[in-house]
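Before any comments, here is the structure.
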Amino acid sequence: MAKDEFDLFVIGGGSGGVRASRLAANLGLRVGVAEEYRFGGTCVIRGCVPKKLMVFASDYASKFQDSKGFGWDYSSMSFSWRKFSNSMQSEVDRLEKLYESMLHSSGVVTFKQKAKLNGDSSVILHDGTILKAKYILLAGGSGPSRISIPGENLAISSNEIFSLTELPEKLLIVGGGYIACEFASIFNGLGVNVRQIYRGEKILRGFDNDIRNHVEICMRNRGVTITNNVQLKSINEVKNGLEVYLTNGEKEIADQVLLAVGRRPKVQDLGLDKVDLRLTETGAIYVDQFLKTSIDSIYAVGDITDRLNLTPVAIKDAVAFINTVFCAKKTLPDHDLVPTAVFTRPEVGTVGLTEAEAVIKHKIKIFKTSFSPMGNRISCREEQILIKLIVCHETDKVLGCHIVGEGASEMIQIFGIAIKMGVKKSDLDATCAVHPTIAEEIVTLK
């Protein structure tokens with residue numbers, strides 16, 4: 001095969017693109033992948049990984065405070081954003097090199113430049129090189145959305161938040177989704193004066209209403225100022241910061257404004273003028289049940305399809321694509337009962353149906369509890385854990401599990417396995433509790 005010919009060419013070096021590239025190369029296929037920014041994609045470079053490191057960093061202040069009730073005495077505390085930022089970037093750099101190394105060791109040919117479609121079976125690189133491919137996989141992911149208001153260029157997105165040179169004293173966050181809420185919790189934990197504004201009635205739209213209520217109350221109690229039913233009207237640069245105007249008539253000064261108003265599939269400048277590729281109503285790449293686009297030789301996985309935008313889902317999409325196209329084993333990507341976590345403080349773990357979704361098709365029973373965990377009794381923290389199970393009245397199957405509190409993300413992974421296997425409430429009742437733990441409440445709910 002000529003140097004400019006490939007069995008598979010992947011546009012996008014994120015989690016889905018890298019997994020598909022490596023699996024295809026391990027089958028002995030000639031594979032190329034192009035990444036315009038850094039290998040690892042949003043999750044590794046400016047998403048899940050650095051965000052979780054920021055979560056860890058932000059937790060220490062509350063841990064130090066809680067420790068006083070247990071006899072610890074810290075006369076002084078200080079935080080260096082610069083020192084932490086350097087450590088965070090070093091870890092991101094390490095992971096990027098690891099991703100690139102794995103590609104090379106699998107025999108994948110990498111191109112550190114932008115690539116776009118040049119036809120049904122060819123791509124063109126930024127330097128003008130044209131490459132041919134039997135199959136093309138679109139795995140370019142998504143990027144932060146913007147809003148059209150005066151001065152919106154003065155605000156930063158979730159991309160730039162990881163590159164701040166110093167910690168702002170006051171941060172205004174626009175948005176009510178999980179990204180906005182996570183960063184509000186993070187910077188609040190780091191000692192920043194955080195105000196979050198959201199155009200809707202309550203944050204975390206799409207999650208179970210009990211979760212939304214509980215998280216909002218807890219975030220407020222921790223010091224985040226949340227204002228719902230309001231939008232950002234304009235931003236103006238002034239001598240002492242950024243002057244922001246809100247639709248409710250308020251005006252205030254902030255050091256930084258973070259726009260966290262959702263994400264959109266990265267289809268701009270993808271070469272769509274060269275191919276007759278179908279898009280969805282939301283502007284994402286349309287795919288069928290086997291991830292094939294409207295062109296037989298082009299497939300797409302992950303966020304660029306705008307279905308279930310989670311890193312593990314993109315990876316499973318990649319596996320399904322390889323099985324279907326190159327292994328003669330048609331595999332449907334499984335987007336059902338996917339557990340997920342929101343790293344607010346307190347954090348959320350959720351899997352299955354919300355109560356509002358469940359009542360549409362099922363007669364249900366609700367099992368719910370909120371309580372103070374043991375450690376909070378001594379630390380004098382009033383925050384409570386919330387655990388909620390939604391159970392089908394007829395079959396006794398658990399339809400949904402929703403947890404808010406410390407360890408929720410770890411618990412929901414294990415419970416995700418159980419609910420995927422069809423666990424019933426009677427199975428939980430028959431399971432002996434591990435005491436004393438927060439998780440035991442899942443099997444003792446009455």
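A few notes on this one:
- Residue 145 satisfies every condition listed in (1) of a type outside the set (A, V, I, L, M); (2) buried (at least 17 other Cβ atoms within 10 Å of the Cβ); (3) in contact (Cβ under 8 Å) with a residue 60 or more places away in the chain; (4) within 24 Å of residue 308 (Cα to Cα) except (2).
- Criterion: surrounded by fewer than 20 Cβ atoms within 10 Å (Cβ to Cβ) and closer than 16 Å to residue 214 by Cα - qualifying residue of 347, 382: 382
- When we screen 322, 298 for residues that are over 18 Å from residue 121 (Cβ atoms) and crowded, with 19+ Cβ neighbours inside 10 Å, the only hit is 322.
- If the condition is being touching a Gly at 6+ places or on another chain (Cβ under 8 Å), farther than 23 Å from residue 192 by Cβ and not acidic (Asp, Glu), then the range 72-102 contributes 95, 99.
- Hits in the range 360-414 (condition: among the β-branched types (Val, Ile, Thr) and in a loop (DSSP other than H, G, I, E, B)): 395
- When the residues of the range 168-207 are filtered to those that are touching a helix residue (DSSP H, G or I) at 6+ places or on another chain (Cβ under 6 Å) and part of a loop (DSSP other than H, G, I, E, B), the one that is surrounded by the fewest Cβ atoms within 10 Å (Cβ to Cβ) is 202.
- Which numbered condition residue 198 misses (of (1) in the same structural domain as residue 164 (by TED's automatic domain parsing); (2) more than 22 Å from the chain's Cα centre (by Cα); (3) of a type outside the set (A, V, I, L, M)): (2)
- Test result for residue 367, among the aromatic types (Phe, Trp, Tyr), on the phi < 0 side of the Ramachandran plot and at pLDDT below 95: no
- Filter result for residue 212 (of a type in the set (Lys, Arg), outside the structural domain of residue 82 (by TED's automatic domain parsing), in a helix (DSSP H, G or I) and under 20 Å from the mean Cα position of the chain (by Cα)): yes
- Selection from the range 36-89 of residues that are out of contact with any Asp or Glu (no Cβ under 9 Å at 6 or more places or on another chain) and under 19 Å from residue 266 (Cβ atoms): 36, 37, 43, 47, 48
- Of all residues in the range 268-295 being loosely packed, with under 13 Cβ neighbours inside 10 Å and touching a residue at least 40 places away in the same chain (Cβ under 8 Å), the one that is farthest from residue 135 (Cα to Cα): 269
- Of all residues in the range 133-160, exactly one satisfies the criterion of being among the basic types (Lys, Arg) and not in a loop (DSSP other than H, G, I, E, B), namely 134.
- Out of 266, 251, 274, sole residue that is in contact with a Leu (Cβ under 7 Å, 6 or more places away or on another chain) and among the basic types (Lys, Arg): 274
- Answer residue from the range 213-240, given it is over 30 Å from residue 66 (Cβ atoms) and in contact with a Pro (Cβ under 9 Å, 6 or more places away or on another chain) and is surrounded by the fewest Cβ atoms within 10 Å (Cβ to Cβ) among those: 236
- Residues satisfying the stated conditions in the range 415-427, i.e. assigned to a helix (DSSP H, G or I) and either farther than 18 Å from residue 208 by Cα or without any contact (Cβ under 8 Å) to a residue 12 or more places away in the chain (or both): 417, 418, 420, 425, 426, 427
- Which listed residue, of 106, 62, 67, is modelled with pLDDT of 95 or more, polar (S, T, N, Q) and surrounded by 14 or more Cβ atoms within 10 Å (Cβ to Cβ): 106
So that you can scan it fast, the table gives a plain yes or no per residue for (1) over 23 Å from the mean Cα position of the chain (by Cα); (2) modelled with pLDDT under 95; (3) among the polar types (S, T, N, Q):
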| position | (1), (2), (3) |
| --- | --- |
| 4 | yes, yes, no |
| 8 | yes, no, no |
| 13 | no, no, no |
| 17 | no, no, no |
| 23 | yes, no, no |
| 30 | yes, no, no |
| 35 | no, no, no |
| 39 | no, yes, no |
| 43 | no, yes, no |
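- Yes/no for residue 408 being touching a Pro at 6+ places or on another chain (Cβ under 9 Å), within 17 Å of residue 337 (Cα to Cα) and among the small types (Gly, Ala, Ser): yes
- Of the strands (runs of 3 or more DSSP E) lying entirely inside the range 220-283, those carrying at least 2 residues that are closer than 30 Å to residue 114 by Cβ are 256-259, 263-265.
- For the range 371-405, the set of residues classified as under 16 Å from residue 221 (Cα atoms), modelled with pLDDT of 95 or more and in contact with a Lys or Arg (Cβ under 9 Å, 6 or more places away or on another chain) consists of 386, 404, listed by residue number.
- Cross-chain or 6+ apart pairs with Cβ under 6 Å, the range 157-169 first and under 17 Å from residue 144 (Cα atoms), then in a loop (DSSP other than H, G, I, E, B): 158/260
The values are calculated or read from the model by the stated rules, or taken from the named source; none is laboratory data. Just so we're clear, the structure is a prediction, and the values are computed from it rather than from any experiment. Note that each Cβ is placed from the backbone with ideal geometry, even for glycine, and that neighbours are counted across all protein chains shown.
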